[in-house]
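The values are calculated or read from the model by the stated rules, or taken from the named source; none is laboratory data. What you see is a predicted model, and the numbers here were worked out from it, not measured in a lab. Cβ sites come from the backbone with ideal geometry, for glycine too, and all protein chains shown count toward neighbours.
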Protein chains: 2
Amino acid sequence: MAKTWKTEPTESLRATEQTALGSIDTSSTPGFDGDKKYGQQVLESGAARLSELQEKLFADSRAAGGTRSVLLVLQAMDTAGKGGIVRHVVGAVDPQGIHHHAFKAPTEEELAHDFLWRVRRELPGAGMIGVFDRSHYEDVLVAKVRSLVSDDTIESRYAEIADFEEELTASGTVIVKVMLHISFDEQKARLAERLDRPDKHWKYSTGDIDERNLWSDYQKAYETAIQRTSTDAAPWYVVPADRKWYARVAVQRLLIDALEKLDLGWPPADFNVETEKIRLAAS
Amino acid sequence: MAKTWKTEPTESLRATEQTALGSIDTSSTPGFDGDKKYGQQVLESGAARLSELQEKLFADSRAAGGTRSVLLVLQAMDTAGKGGIVRHVVGAVDPQGIHHHAFKAPTEEELAHDFLWRVRRELPGAGMIGVFDRSHYEDVLVAKVRSLVSDDTIESRYAEIADFEEELTASGTVIVKVMLHISFDEQKARLAERLDRPDKHWKYSTGDIDERNLWSDYQKAYETAIQRTSTDAAPWYVVPADRKWYARVAVQRLLIDALEKLDLGWPPADFNVETEKIRLAAS
């Protein structure tokens, strides 16, 4: 695996206060030394590695009182491939270790609470990999573009989010925030495909074009949100996503890296193995 | 696929009021015309079919207001392979369409409520496949074997469960109840493996032998529960599980069958496709 990446995604895709989305080539494959076919092979072999790491995370919480968890936050414009990441990257690991939640437009009840209320309710428990398909970032993205709240509120939310994520990290959750970055043209092609294929119609909504017509406003909102909330505790990664295979292999690598850094082994037995063998033999 | 099964699992594994667990060969492969190698091939090809059916179920709820869902209830003695079913059968479909819940010994809060309270909170929403790793059946299994409640309470629970499941079915949930049935000897071999392998120690608990020593009480409790709650609305299937490959391919087939009976197509567009193509072109 090591040779596959000339530069690790944790470095090459890491967003900073200076990140300019417009200067990132959405069809590029930063750091990856290979073509689509090789990328798919890497995805396949990485699945086994990710799966083993997930099981160790899970085991650690169940048998060793471990409190660590991982949270993958997926944000993107429509059609950028969030669903494909869930299916092809997250889908490789044991479903019992995954807590997936898709955030929709907030309900009345959710709106009656602080914007982080509904997010806290869906955080991964110990040993789990949480996956947010959209997240609290919608509250500084669509909320900003559609002027759902005041500019002052948006401003204060950046700070609240940074505090919230720092608190999460301190309590043992490793946060991996991913923006899947596609081009305006690529979105057009993908929406056209959804309109062409009856088995994809259910994924299409007339609102998709309304949002698309606000593309540059959304890009600006994403850029500001990323600049303001890409912290050491919870960095953003901007993943070029015009090539689906690249986005998948890059996000898989980010997850593997996050889990490897936890450096978890198999929990030691909390019982006397020889005694239990004798008990079993006698049973 | 049709030729793979001489007799469909929905027929050959269906439990009735007369089901006697002791007379079922746990190493048999009822209805399946093939060996382990072929079984693994069938599991692989079935994964694509299951995945497509799950997507249609999900799409139906999202785009056509569908209210259908599926609930897989997994019950078994320790080591029988519930986890393997989740990983290898359920794990083949999109994680965003799965709601998995493992029921542990009830908490104080849960005990303060009716035994179905915590179960209702984990039911799959529209379009979802719910997976219960253990379930409300523990309340007539361990509760009976360990005399946690009176015999009268156990009796009334059978009826409450039947009513509850009938209500669920009427509201659109297809319930598939599976008991993975292993032999006493097979459990011994599997526990021995857990004790031999440090990477499996986390799955072992000293309580496993305590439960094992109550084997025949548990078999009786299972048998009675199955006889009393295998209804047309929510039938039980007793799946011989000494051969893991068979149990997996059989449960996969039961799920495929449940989904096929819903006879779902792709939801029709709720928008004018041509109009949207024009809007997209102009965007």
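Against the condition more than 18 Å from the chain's Cα centre (by Cα), assigned to a helix (DSSP H, G or I), surrounded by fewer than 21 Cβ atoms within 10 Å (Cβ to Cβ) and modelled with pLDDT under 95, how does B:Lys3 come out, does it pass? Reasoning before the result, please.
Details: more than 18 Å from the chain's Cα centre (by Cα): yes; assigned to a helix (DSSP H, G or I): yes; surrounded by fewer than 21 Cβ atoms within 10 Å (Cβ to Cβ): yes; modelled with pLDDT under 95: yes.
The answer is yes for B:Lys3.
Has the range A:113-132 got any residue that is within 14 Å of another protein chain (Cβ to nearest Cβ), of a type in the set (Phe, Trp, Tyr) and closer than 28 Å to A:Leu57 by Cβ? Among the residues of the range A:113-132, at least one is within 14 Å of another protein chain (Cβ to nearest Cβ), of a type in the set (Phe, Trp, Tyr) and closer than 28 Å to A:Leu57 by Cβ, which makes the answer yes. The set of residues in the range B:66-116 being without any contact (Cβ under 8 Å) to a residue 40 or more places away in the chain, within 13 Å of the chain's Cα centre (by Cα) and surrounded by fewer than 17 Cβ atoms within 10 Å (Cβ to Cβ) consists of B:Ala102 alone. On inspection, B:Gly130 passes the criterion of being touching a residue at least 40 places away in the same chain (Cβ under 8 Å), under 28 Å from B:Arg253 (Cα atoms) and in contact with a Pro (Cβ under 6 Å, 6 or more places away or on another chain).
When you scan the range A:229-239, how many residues do you find that are surrounded by fewer than 18 Cβ atoms within 10 Å (Cβ to Cβ) and not acidic (Asp, Glu)?
Filtering the range A:229-239 for residues surrounded by fewer than 18 Cβ atoms within 10 Å (Cβ to Cβ) gives A:231-233.
In the following step, the residues that additionally are not acidic (Asp, Glu) were identified as A:231, A:233.
Residues meeting the conditions: 2.
Residues that are within 14 Å of chain B (Cβ to nearest Cβ), more than 21 Å from A:Lys244 (Cβ to Cβ) and not charged (D, E, K, R): does the range A:83-96 have at least one? Yes, the range A:83-96 has at least one match.
Does A:Ile278 satisfy being among the β-branched types (Val, Ile, Thr) and in contact (Cβ under 8 Å) with a residue 60 or more places away in the chain? Considered against the rule, which asks whether it is among the β-branched types (Val, Ile, Thr) and in contact (Cβ under 8 Å) with a residue 60 or more places away in the chain, A:Ile278 comes out as no.
Just one of the listed residues (B:Glu109, B:Glu44) is within 28 Å of B:His136 (Cβ to Cβ) and away from every other protein chain (no Cβ under 11 Å), and it is B:Glu109.
When B:Asp242 is tested against (1) out of contact with any helix residue (DSSP H, G or I) (no Cβ under 6 Å at 6 or more places or on another chain); (2) more than 10 Å from chain A (Cβ to nearest Cβ); (3) not in a helix (DSSP H, G or I), only condition (1) is not met.
From the residues in the range A:55-82 that are in a helix (DSSP H, G or I) and closer than 16 Å to A:Gly172 by Cβ, which one is farthest from the other protein chains (Cβ to nearest Cβ)? Let's see the steps before the verdict.
Taking the range A:55-82 first, the residues in a helix (DSSP H, G or I) are A:55-63, A:82.
So of that shortlist, the ones also closer than 16 Å to A:Gly172 by Cβ come out as A:56-62.
Values: A:Lys56: 9, A:Leu57: 11, A:Phe58: 9, A:Ala59: 4, A:Asp60: 8, A:Ser61: 10, A:Arg62: 6 Å.
Checked the range A:55-82; the qualifying residue farthest from the other protein chains (Cβ to nearest Cβ) is A:Leu57.
Taking the range B:178-207 as the range and being under 20 Å from B:Ser135 (Cα atoms) and loosely packed, with under 15 Cβ neighbours inside 10 Å as the test, only B:Gly207 passes. Counting only residues that are small (Gly, Ala, Ser) and more than 16 Å from A:Asp232 (Cα to Cα), the range A:143-169 holds 4 of them. Looking across the range A:117-171, just one residue is among the small types (Gly, Ala, Ser), within 17 Å of the chain's Cα centre (by Cα) and within 18 Å of A:Pro106 (Cα to Cα), and that is A:Ser135. Among the residues of this structure, A:Ser205 counts as one that is within 14 Å of chain B (Cβ to nearest Cβ) and not in a helix (DSSP H, G or I).
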